[in-house]
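The next block holds one structure in the form of structure tokens; read it before the comments.
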Amino acid sequence: MAIDPTPAPDTGNDRFLQITIPVGMLQCNCSIIGDLATREALVIDPGDEINRILELLGRHKLTVKAIVSTHAHIDHVGGLYKLRQYTGAPVMMHRDDVPLYQGMDVQAAFLGVPTPETGEIDQLLTDGDLLQWGSLAAHVMHTPGHSPGSISLYVPTETAKINSAVPPQLYAGDTLFAGSIGRTDLWGGSMEKIMDSLRGKVLQLPDETVVHPGHGLRTTIGEERESNPFLIGK
């Protein structure tokens with residue numbers, strides 16, 4: 001099996017580790033954020049291919065402190081149960097997406113794929129929660145619209161206590177993409193709510209914030225503010 005590239009480059013820091021790999025049929029971006037001093041890590045959206053994720057964790061000798069779902073669509077949560085079994089780390093998501101998670105059989109039937117195993121949610125996240133691991137910390141932002149319980153995780157430089165050469169980071173799930181925004185025609189989706197989330201929260205972040213979407217390439221808040229057709233002039 002081919003090994004995925006290691007830390008995302010251009011961080012300018014030898015303690016902050018950022019790895020994103022696309023997993024599963026729909027190529028959901030799974031992110032690992034680690035503190036190389038304490039070897040503690042957060043895993044975001046382990047949608048599938050848990051062996052690849054475990055291989056990267058093992059290579060960097062990382063201990064998973066929490067597994068976070070930005071939302072409960074099948075391509076983002078298909079590997080939650082297995083990763084929790086292997087690592088013992090608690091699973092976290094927003095309460096408004098629990099019904100989506102509990103309806104995994106319906107989601108699987110819609111896509112014509114086997115239903116992944118599911119389990120308990122260990123912690124229900126709310127807007128304003130602070131997740132901490134090692135010297136790092138992420139603010140939970142409730143950004144509904146793509147789904148009722150969609151969240152984004154914001155890691156500002158000052159909160160993370162990392163080298164100022166590392167810009168702020170936003171793990172946006174399927175709320176914001178490079179050049180687009182999340183679809184709102186699935187269960188619980190709302191164009192009005194996703195635009196409120198983008199205008200009221202996401203676009204309030206600094207332009208230099210690096211955005212890690214749930215699918216596709218990285219971007220920045222500044223780039224999207226200037227060129228995203230859904231956001232120009234917002």
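The values are calculated or read from the model by the stated rules, or taken from the named source; none is laboratory data. Everything numeric in this text was worked out from a predicted model, so none of it was measured. Quick reminder, even Gly has a Cβ in these numbers, built from the backbone with ideal geometry, and neighbours come from all protein chains shown. To get the accessible areas, we keep the full protein, side chains included, count just its heavy atoms, and leave off ligands, DNA and RNA. Shrake-Rupley method; radii C 1.70, N 1.55, O 1.52, S 1.80 Å.
Can you find even one residue in segment 42-53 that is open to solvent by less than 50 Å² (accessible area, probe 1.4 Å), of a type in the set (Asp, Glu), in contact (Cβ under 8 Å) with a residue 24 or more places away in the chain and not in a strand (DSSP E or B)?
For segment 42-53, residues open to solvent by less than 50 Å² (accessible area, probe 1.4 Å), of a type in the set (Asp, Glu), in contact (Cβ under 8 Å) with a residue 24 or more places away in the chain and not in a strand (DSSP E or B): present.
What's the number of the only condition in (1) over 24 Å from Leu26 (Cα atoms); (2) in contact (Cβ under 8 Å) with a residue 12 or more places away in the chain that Glu224 fails to meet?
(1) is the only condition that Glu224 fails.
What are the residues in segment 66-76 that are open to solvent by less than 10 Å² (accessible area, probe 1.4 Å), touching a helix residue (DSSP H, G or I) at 6+ places or on another chain (Cβ under 6 Å) and of a type in the set (Val, Ile, Thr), if any?
Ile67, the sole residue that qualifies.
Has segment 109-123 got at least one residue that is more than 18 Å from the chain's Cα centre (by Cα) and more than 21 Å from Val77 (Cβ to Cβ)?
no
Residue check, Met93 against (1) buried (at least 17 other Cβ atoms within 10 Å of the Cβ); (2) farther than 29 Å from Val166 by Cβ, all met but one. Which one?
(2)
For segment 104-154, which residues satisfy the criterion of being among the β-branched types (Val, Ile, Thr) and touching a Lys or Arg at 6+ places or on another chain (Cβ under 9 Å)?
Ile121, Thr126, Thr143
Find the strands (runs of 3 or more DSSP E) located wholly in segment 117-197 whose residues include 1 or more that are open to solvent by 20 Å² or more (accessible area, probe 1.4 Å) and at pLDDT 95 or above, and list them.
The qualifying strands (runs of 3 or more DSSP E) are 123-125, 130-133, 136-142, 151-155.
Tell me yes or no: at least one residue of segment 57-65 is open to solvent by less than 20 Å² (accessible area, probe 1.4 Å) and in a helix (DSSP H, G or I).
Yes - at least one qualifying residue is present in segment 57-65.
When segment 96-113 is examined, which residues are found to be surrounded by fewer than 21 Cβ atoms within 10 Å (Cβ to Cβ) and of a type in the set (A, V, I, L, M)?
Val98, Met104, Val106, Ala108, Ala109, Leu111, Val113
Going by the structure shown, is Gln85 assigned to a helix (DSSP H, G or I) and modelled with pLDDT under 95?
No.
Could you check segment 201-232 and list, in sequence order, the residues that are open to solvent by 80 Å² or more (accessible area, probe 1.4 Å) and more than 17 Å from Arg183 (Cβ to Cβ)?
Gln204, Glu208, Leu217, Arg218, Glu223, Glu226, Ile232
Report whether or not Lys61 is modelled with pLDDT of 95 or more and on the phi > 0 side of the Ramachandran plot.
yes
Restricting to segment 198-219, count the residues that are touching a residue at least 24 places away in the same chain (Cβ under 8 Å) and either polar (S, T, N, Q) or outside any helix (DSSP H, G or I) (or both).
The qualifying residues number 15.
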